[in-house]
Structures are given as structure tokens and as C-alpha cells.
């Protein structure tokens, strides 16, 4: 897919998410695998690859979250701001393997050396590179998650971003369209009335009209992690250390 086609597809999806507000808001069953009805994190074992945000970019995202949650905090389960990241590619987890930690661990063990090989190739070529990502705005990503959606700021940014994604897709194919985002929180596991949803969308639209945010993602901050719940991500290896050792 070419750069402009990718941008257009992301922009079209974002507009649909903002304009096609569901008449009945229904939380997906799979969200119950991550959080409890009381808003606590449930065990969710797996592996992933993410680029960590700089302090500057993290604080910008926190500022947007605070404005949103100031009005609608009772709707959401917060994600720990220390974990804020932009996912490049998810790997083995309950959704992609099975609801069985032994099978997930086996899948991780099989995949990890292949991920490490791709990280070495990425470090050799892109350790000094960065990727600029322009915010489209905040949307609900369906009915489970609220987060900030992004597009690559230029064709050069797109080329690097998609190469990172494609390298990891070759290791662990999911066949999913890549939607760059920073997650801010999950919806609570409860019914939502039409007035709540309409009020939320009014706030989202106001935030998006005022938003002028561009992230500067350092490829050196790309890390491979194991996660144990959605506020517990632990680095295993990363581009920065690999580049330093090479």
C-alpha cells in the first residue's frame, strides 16, 4: 500500500468512528478478559513490540487524557501513564493463541528468537532514525478502548513505520490492518446510555478540533516486552541495547 492510500484509509476509518455513533453501546466480551467489572486489571499474559514515548510526548498525551477524564472519568478504567506507548505489532497472547498460559509461553519461546533477529536487522539500519506521527484525534476504537489515533507525518516516516510493522508481521502474521494509536483507557464493563455516549462524543469532537499533536518516535525506543496485565509490561530486549552491543 502506498503512503497516500494508507493515510486516506486511516483518515476514513477515523471519520467513520466519529460519525457513526452506535445507537446501542455494547462492550465486547473479550474486554472482560482484561478487566474486572470493578475496574481492576485481570491477568493477561503475552508478548508485544512497542515504541515507548518520550517524556515530552507522554506528557502531551497525559494532558489530553486529563481533559477527557475530567469530564468522563467515570466511564473508563485508566491505563498507567508509565506504560504509554505506540504498539508496532502484538504477538502471542490470549487472543492469538488460546486461553492457556502454557500454550502462550510455548508460542513466545518459539517466536522470540525470530523477533530478536528482526530487531538486530532494525537496529543495524534504523537505530538513529525517528518517526514523526501526526494525531488525527481521540476516538473510541469501537466500544472498548479510547485512544489517540495517528498517521505518519510524511512518506519517509511511513516507509520506516511500515517496514518495522512488516518485519514483525513476517514473524507473527495476524493479517490485520495497522492502526497506529496510543491507548488512554478501557471502557467500564457496564451499560452506557445514549445521553452518556452523546456527551462523550461532544467532548471528543471538541478535543479533536483543538488538538495539534505530533509525536517524535525514536526507533531506538522500540522494545520487545512480555505483559502480565495491561498495566504491567516488562522489557525483554530493545533496539537501543542491541545497537550499543553491535
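Quick note: the coordinates plus some simple rules give every number you see, no bench work behind them. As the structure is a prediction and not an experimental result, all values here were calculated from the model. Backbone-built Cβ (ideal geometry, glycine too); neighbour counts: all protein chains shown.
In terms of the Cα gyration tensor, with a ≥ b ≥ c the square roots of its eigenvalues, is the stretch 39-120 rounded because a/c is under 1.5, prolate because a/b exceeds b/c, or oblate? Judged from the Cα gyration tensor, the stretch 39-120 comes out oblate (a/c at least 1.5, b/c at or above a/b).
P(r) tail for the stretch 49-92: Cα pairs beyond 12 Å make up 65% of the total. Of the residues 216, 110, the one with the fewest other Cβ atoms within 10 Å heads the list, and the complete ranking is 110, 216.
Under 16 Å from a label point set 7 Å out along the Cα-to-Cβ vector of residue 159, the amide N atoms of the stretch 99-135 belong to 125-132.
Compared with the dominant principal axis of the Cα atoms in the chain, helix 194-210 is inclined by about 60°. For Rg/Rh (Cα atoms, Kirkwood Rh), which listed value, (1) 1.09; (2) 0.95; (3) 1.30, comes from the coordinates shown? Derived directly from the coordinates: (2).
Exposure proxy ranking for 203, 48, based on other Cβ atoms within 10 angstrom of each Cβ and starting from the fewest, stands as 203, 48. Quick one: angle between helix 101-126 and the longest Cα principal axis of the chain, in degrees between 0 and 90, rounded to 10, please. Between helix and principal axis, roughly 70 degrees. Name all residues of the stretch 164-195 having a backbone nitrogen under 20 Å from the label point set 7 Å from the Cα of residue 20 along its Cα→Cβ direction, giving them as ranges. Under 20 Å, as judged by backbone N against the label point of residue 20, lie 176-181, 194 of the stretch 164-195.
FRET efficiency for the residue 99 to residue 246 pair, using the beta carbon distance and R₀ = 30 Å, is estimated at 0.20.
One decimal place: the segment residue 106-residue 29 gains 25.2 nm when fully extended, by the rule 0.36 nm per residue minus the C-alpha distance. Between the C-alpha center of the stretch 75-104 and that of the stretch 162-177 there is a gap of 16 Å. Here the gap between residue 125 and residue 228, fully extended at 0.36 nm per residue and compared with their Cα-Cα distance, gives a gain of 34.0 nm. Listed by Cβ neighbour count within 10 Å, with the fewest neighbours leading, 27, 148, 104 appear as 27, 104, 148.
Short-range pairs are left out: with C-alpha atoms under 8 Å and at least six residues apart, the relative contact order of the chain is 33 percent. Among rounded, prolate and oblate, which fits the stretch 118-180 when a ≥ b ≥ c are the square roots of the eigenvalues of its C-alpha gyration tensor, a/c under 1.5 means rounded, and a/b larger than b/c means prolate? Since a/c reaches 1.5 but b/c is at least a/b, the shape of the stretch 118-180 is classed as oblate.
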